[in-house]
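The values are calculated or read from the model by the stated rules, or taken from the named source; none is laboratory data. Since the structure is predicted, the reported quantities are computational estimates derived from the model, not experimental observations. Counting neighbours? That spans all protein chains shown, and the Cβs are built from the backbone with ideal geometry, glycine included. The protein model used for the area step is the full one, side chains on, heavy atoms only, and it has no ligands, DNA or RNA in it. Shrake-Rupley method; radii C 1.70, N 1.55, O 1.52, S 1.80 Å.
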Amino acid sequence: MSAKQILKTRIIVGMEIHVQLRTQTKMFCGCGLSFDAPPNSHVCPVCLGHPGTLPVINKQALRFAILAGLAMNCRIASYTKWDRKNYFYPDLPKNYQVSQYDLPICGEGHFDLPSETDPQTIRIRRAHLEEDAGKNIHDTGAHTLVDLNRAGTPLLEIVTEPDIHSAADAYAFCAELHRLVTYIGISDANMQMGQMRFEPNVNVEITHREGLSKTPIAEIKNLNSFRSVKNAIDYEAQRQIAAWEANPGYELGQAANENRGWNDDRGVTEFQRTKEAAHDYRYLPDPDLVPVTISETMMKEIRTDLPELPIARRKRFVSDLQLSSKDAETIVDHRATADLFEDAIEAGGPTDMLSKQMINIWLSLANDRQTDIANLGVSAAGIAELAGITDRGDINKSAAKQIAEAMLSDKQSPRELAKHLGLVQVKDTAATQAWVQQAIDNNAPAVQDVLSNPKKAKAAVGFLRGQVMRISGGQADPKLVGELIEKLLTPKPD
Amino acid sequence: MTKSIDADMVRRVAILARLRVSEDEVQRYVGQLSRIFDYVDLLNEVNTDNVEPLTHALPVTNVLREDVVRPSLSSEQALANAPQADRGFFVVPKVLDQESS
């Protein structure tokens, strides 16, 4: 038995998140933002850090930061200022990054993470505006190449309190925050493009026989997927527990805190540097940028841009519209989808059928085309009508999918398309019975299974039903077909 | 009171500023910087109990611009003063084992 018997462990995680704001221009100059433009094609004397130039604050970035702060229940500063964070690196042309030190634009707030079993509140410590650095490209021999297109891109850095206690909760929080920033429209938050980056600060509280210990804190740099956040925290916590068991001095305050990087291929965190020789960033107020005051009027005006937030909307869809929580989550995930869904309800569509078709038809069509439902070019009225005629039994479910596909290129109404494509459901029993009889006549082996092979009977009925639908050109009512198959193939009592 | 300036602090500040200073210079700067700090320390004699902290020297706030794209430099112009450039990039000595923040 180990000398250090562990009774209990508890992971402690605080997150730092960088969100790239969806502005047209950079934080302090009029250069446009670009992801893959030729190197140094979106730069000017300001973002190149030429002497004698003066930065000017982007009003939209300021509004976005306030909007995000309001969405996270933050105290918005009535007075906020700009500071220089000094360090030397080739991607930082001025040798300082403009950031906000002691008077950030957003102060304390909180984020309520819903869960049926274990709802949590993650406190927000602060959120501040800053400019991104450029990019260093290291893969050439003796030199480093520098592209400053990204230098000056507006970022919102959000910092939470260490209120997260599992890797799964960290994943849930990051996903929820991602949904929030896209919902309020402050960021596209495209993670492949690095528009949202996560840095968990991880340590572990260990309860053991002799008392309570804490491991030193590791900051895992620059994660760009929810999955890597979860995996990195899981790995790092286990690594710290093992290190604590093996090393007497591995305690918070005794051993140094460190920065680590996540190696996704190997599934491990790797040491980068200790924070013992902590960078001294020599923050000082930026004399080139004057402070900003935020009035009540301005805040009120920005508050009107705040939509219903995803968590509240999900709750309402479950309580008022009687959606399952899973369906509510799927529909609310993208604002455009949820908006269209609500517009279609407004246009008279039946809620239950609409929610099914949103997910099974419209979202799947959008996903196939790698786009958003809003970009399919289908109106809320059309979506509502399709759900309506499906709900009434005028068309069956598979016909609904065909009609939906036709609606992408054809401006006729779903009703007209149903007629046009011959998909109006036939409810006539005689006609349906003729189709069923044809299927029975043509498929003797399946009929045999239904009648005398209990193991295969169910599959055989399904097969016959499919045959009837095919023979009818999709016009048969599946429910009626099922009833007729059963009626015609029930062994008659001798 | 302000922290006094000693040789270690001068060396530390020199490292942060990426300045190479000789031992002679360290000693000289300890003297010079101490005198500057002592002078600035005179401010501590002023009673500031009822004075609002000042965060900026200019009595101006909210100088903002609309989020409208303005022309950038051409890549040729951007690189015109670069000591070394290659395929549109600035070229700098190889950066090793350091990371940005």
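Observations on the model:
- Rolling a 1.4 Å probe over the protein heavy atoms gives chain A an accessible area of 46 Å² per residue.
- Accessible area of chain B divided out per residue, in Å², using a probe of 1.4 angstrom: 81
- Between chain B and chain A, roughly 4100 Å² of accessible surface gets buried, counting both sides and using a 1.4 Å probe.
- Burial order of peptide ranges A:443-452, A:306-315, A:120-129 (average beta-carbon count within 10 Å, highest first): A:120-129, A:306-315, A:443-452
- Amide H contacts under 5 Å for A:SER166, placed H, 5+ residues apart: none
- Surface composition of the protein assembly as shown: carbon plus sulfur atoms hold 52% of the accessible area, using a 1.4 angstrom probe and ignoring ligands, DNA and RNA.
- Nearest 10 degrees, 0 to 90: helix B:23-40 Cα axis against chain B principal axis: 70
- Over chain B: helical MRE at 222 nm, DSSP H runs n ≥ 4 each giving -39500 (n - 2.57), nearest 500: -10000 deg cm²/dmol
- Highest to lowest packing among A:235-241, A:112-118, B:53-59, B:43-49, scored as the average C-beta count within 10 Å: A:235-241, A:112-118, B:53-59, B:43-49
- Distance distribution P(r), segment A:173-316, all Cα-Cα pairs, bin width 10 angstrom from 0: 9, 26, 26, 23, 13, 2 percent.
- Between helix A:335-346 and chain A there is an angle of about 40 degrees, using the helix long axis and the longest principal axis of the Cα atoms.
- In sequence order, segment A:67-72 has phi-based couplings of 4, 5, x, 5, 5, 9 Hz under the Karplus curve 6.51 cos²θ - 1.76 cosθ + 1.60, θ = phi - 60°, and Gly or Pro positions carry x.
- Solvent-accessible area lost in complex, 40 Å² minimum, residues of segment B:53-72 relative to chain alone, 1.4 Å: B:THR55, B:HIS56, B:THR61, B:ASN62, B:VAL63, B:LEU64, B:ARG65, B:ASP67, B:VAL69, B:SER72
- Counting, for every residue in A:143-149, the Cβ atoms of other protein chains within 10 Å of its Cβ and taking the mean gives 6.
- Three-way shape call for the protein assembly as shown based on the alpha-carbon gyration tensor, with the a/c threshold at 1.5: prolate
- Amide H within-cut-off set for A:LEU252, under 5 Å, with H built and near neighbours excluded: A:LYS214, A:THR215
- If R0 is 22 Å, the Cβ-Cβ spacing of A:ASP112 and A:ASP305 corresponds to a FRET efficiency of close to 0.55.
- Beta bridge orientation in the protein assembly as shown: antiparallel %, DSSP, nearest 5: 90
- To the nearest ten degrees, helix B:7-16 and the longest principal axis of the Cα atoms of chain B are 20 degrees apart.
- Per-residue Karplus couplings for segment A:210-223, computed as 6.51 cos²θ - 1.76 cosθ + 1.60 with θ equal to phi - 60°, are listed in order as 8, x, 10, 10, 10, 7, x, 8, 10, 9, 9, 7, 6, 8 Hz, Gly and Pro entered as x.
- Lacking any other cysteine beta-carbon closer than 4.7 Å, the following Cys residues of the protein assembly as shown have no compatible partner: A:CYS29, A:CYS31, A:CYS44, A:CYS47, A:CYS174.
- Listed pairs A:LYS81/A:LYS275; A:LYS59/A:LYS81; A:LYS315/A:LYS479; A:LYS26/A:LYS221 exceeding 22 Å between Cα atoms: A:LYS81/A:LYS275; A:LYS315/A:LYS479; A:LYS26/A:LYS221
- Computed from backbone phi, the HN-Hα couplings of segment A:101-106 come to 9, 9, 10, x, 5, 10 Hz, rounded to whole numbers (Karplus: 6.51 cos²θ - 1.76 cosθ + 1.60, θ = phi - 60°; Gly and Pro given as x).
- Amide H contacts under 5 Å for B:ALA85: B:VAL91, restricted to partners 5 or more places along the chain or on a different chain, H placed in the peptide plane at 1.01 Å from N.
- Summed side-chain charge close to A:ASN360 - residues other than A:ASN360 whose Cβ falls under 9 Å, Lys, Arg +1, Asp, Glu -1: +3
- Sum of side-chain charges, A:SER187 neighbourhood, beta-carbon under 12 Å (Lys, Arg +1; Asp, Glu -1): +2
- Cα-based reach from A:LYS85 at 18 Å (exclusive), listing aspartates and glutamates while leaving out same-chain residues under 8 positions away: A:GLU16, A:ASP102, A:GLU130, A:GLU131, A:ASP132, A:GLU157, A:ASP280, A:ASP286, A:ASP288, B:GLU99
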